[in-house]
Amino acid sequence: MLDFSILVNYFDMFLDGFKVTIIASLIALVASFFIGAIIAVMRITSILPLRWFGTAYVEFFRNIPLVVIAFFFYVGTPALGLEFSGLTAGTIALAIYTSAFIAEAIRSGILSVPKGQMEAGRSSGLSYIQTMRMIILPQAIKIVIPPIGNQFINLVKNSSILALIAGTDLMYQADLISAKTYVVFDVYIFVALFYLVLTIPLSTGVGYLEKRLAKSY
Amino acid sequence: MIAFEQVNKFYGDFHVLKDINLTIQDGEVVVVIGPSGSGKSTLLRCINGLETTSDGVLKVKNIQVNEKKTDINKLRRNIGMVFQHFNLYPHKTVLENITLAPINVLKQSAEEAKKTAMYYLEKVGIPDKASSFPSQLSGGQQQRVAIARGLAMKPEIMLFDEPTSALDPEMVGEVLDVMKALAKEGMTMVVVTHEMGFAKEVGDRIVFMDQGRILEEEMPVEFFENPKEERAKVFLSRILNH
């Protein structure tokens, strides 16, 4: 039987960590979406230097471990005169890391819209930007929602990386509680439940959105 | 007026269009025929700049299409295009498909654009489908919507890229009828097609292409009765005698 007294006695610590996890995830989620969208557009533009930058960005950040990026911003950047708290460093790392995956999802969504759609828009006199905005992106979004939803769920779970760099998140607090109480099993079960409280509604929400969009036309 | 002067086009090493010289007058209906891969569609797509030319001069209404300073979006307002696979916008209703460009390019009011759209939907025979989505229509109906979408911009030139090739045989007639009516009204039309009946009946001129070259340019009667080029004779015998 789980020892609920731990949950009750240390509820404030759990809650503090939970709040930090929510805040870091939310900020990283919004930031990674915008960075990802910009990088995705760079990757499909015909302006070569931008395209190269976008490709390099994705290949670099997608192919190194998140911990390495987090440590870079926590213990690496002070050498350059930039000092971040564990929370800030971890959130930046999360945003950058996730944005590389989101960029790929958005890019493949845009590319999966048939070429004829762009041609139809352009041949009617619409500009490239107008066609993108009114014809391509609304169709791409539908394709992109499931993979982006998965990235957001990964992001919430990956935020546990903050614990390694004193980010005071849920996982960090759990480490403290288990060190204090010598209870390991129960503490991490509670932590898992806290994460589920975030990720299950997120995946249900994505599923709902997916269904609604599928019915839209 | 559309004028090709010594136009060439390459895809890498592949020479798609070879020394094209062709003039199309206002109000003329020119039908481009020839075997697959002969460059017909590429030729058509150069006219509204969907394809670039490698060298030579291509002018539409005296404006050079492939010139950096040419406002291609402005030129395209005047050139409607109908595609083999319709390319309707699946996330928009029939009405929205037709009014999108008039509202966003010509800056018409929604009301004005709707009126124009309904006029053309009436004309292509499916006003009752205005609020349907493209996926709810048959191929023939979708292509008629695509024609109405092109016409709603009130272009002076209409380009048709194999408009009936993706249709069920039963649907071909309804699309060709709309095109015939359009030709009668004096629209300048360039039509890439395999419909020889249409070419014969409606075309003012037949352009026969093979391997990137225009081999023959002739009045329909003359072309079909008396093709001069050996390649054209073979092509016609293959598609007409079976």
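The values are calculated or read from the model by the stated rules, or taken from the named source; none is laboratory data. None of these values were measured; they are calculated from a predicted model. No Cβ is skipped: glycine too gets one built from the backbone with ideal geometry, and neighbour counts run over all protein chains shown. With ligands, DNA and RNA removed, areas are computed over all heavy atoms of the protein, side chains included. Shrake-Rupley method; radii C 1.70, N 1.55, O 1.52, S 1.80 Å.
Among the aliphatic types (A, V, I, L, M) and over 17 Å from the mean Cα position of the chain (by Cα), is that true of B:ILE126? Here the answer is yes, as B:ILE126 does meet what is asked. Checking each residue in region B:215-242 for being more than 18 Å from B:ASN21 (Cβ to Cβ) and either assigned to a strand (DSSP E or B) or free of Cβ contacts under 8 Å to residues at least 12 places away in the same chain (or both) picks out B:GLU222, B:GLU225, B:ASN226, B:GLU230, B:LYS233, B:VAL234, B:SER237, B:ARG238, B:ASN241, B:HIS242. For region A:39-87, residues that are free of Cβ contacts under 8 Å to residues at least 40 places away in the same chain, surrounded by 16 or more Cβ atoms within 10 Å (Cβ to Cβ) and within 15 Å of the chain's Cα centre (by Cα) total 2.
State all residues of region A:162-176 that are more than 19 Å from the chain's Cα centre (by Cα), surrounded by fewer than 22 Cβ atoms within 10 Å (Cβ to Cβ) and modelled with pLDDT of 90 or more; if no residue qualifies, say none. Spell out how you get there, then give the answer.
Of region A:162-176, the ones more than 19 Å from the chain's Cα centre (by Cα) are A:166, A:172-176.
From what's left, surrounded by fewer than 22 Cβ atoms within 10 Å (Cβ to Cβ): A:166, A:175-176.
Selection gives A:ASP175, A:LEU176.
Would a scan of region A:90-106 turn up a residue that is open to solvent by 40 Å² or more (accessible area, probe 1.4 Å), more than 14 Å from chain B (Cβ to nearest Cβ), farther than 19 Å from A:SER32 by Cα and not basic (Lys, Arg)? No, because not a single residue in region A:90-106 is open to solvent by 40 Å² or more (accessible area, probe 1.4 Å), more than 14 Å from chain B (Cβ to nearest Cβ), farther than 19 Å from A:SER32 by Cα and not basic (Lys, Arg).
If you go through region B:29-44 one residue at a time, do you hit one that is open to solvent by 40 Å² or more (accessible area, probe 1.4 Å), of a type in the set (S, T, N, Q) and within 11 Å of chain A (Cβ to nearest Cβ)? No, there is no match, as no residue in region B:29-44 is open to solvent by 40 Å² or more (accessible area, probe 1.4 Å), of a type in the set (S, T, N, Q) and within 11 Å of chain A (Cβ to nearest Cβ).
When the test is whether a residue is over 19 Å from the mean Cα position of the chain (by Cα), of a type in the set (Lys, Arg) and open to solvent by 30 Å² or more (accessible area, probe 1.4 Å), A:LYS157 does not pass it. Taking each residue of region A:177-198 that is surrounded by 18 or more Cβ atoms within 10 Å (Cβ to Cβ) and looking for partners that are among the charged types (D, E, K, R) with beta-carbon atoms closer than 6 Å, six or more apart or interchain, yields A:ASP186/A:ASP3. Entry remark, region A:11-28: residues being crowded, with 17+ Cβ neighbours inside 10 Å, out of contact with any Ser or Thr (no Cβ under 8 Å at 6 or more places or on another chain) and under 12 Å from A:LEU94 (Cβ atoms) number 0 in total. In region A:109-139, the qualifying residues are those that are open to solvent by 30 Å² or more (accessible area, probe 1.4 Å) and touching a residue at least 24 places away in the same chain (Cβ under 8 Å), and the one that is nearest to the other protein chains (Cβ to nearest Cβ) is A:LEU137.
Any residue at all in region A:140-151 that's touching a residue at least 12 places away in the same chain (Cβ under 8 Å), facing chain B (nearest Cβ under 10 Å) and open to solvent by less than 30 Å² (accessible area, probe 1.4 Å)? Within region A:140-151, not a single residue is touching a residue at least 12 places away in the same chain (Cβ under 8 Å), facing chain B (nearest Cβ under 10 Å) and open to solvent by less than 30 Å² (accessible area, probe 1.4 Å). Taking region B:54-162 and the helices (runs of 4 or more DSSP H) fully enclosed by it, the elements with 2 or more residues that are within 8 Å of chain A (Cβ to nearest Cβ), open to solvent by less than 70 Å² (accessible area, probe 1.4 Å) and closer than 24 Å to A:LYS115 by Cα are at B:72-77, B:94-104, B:139-151.
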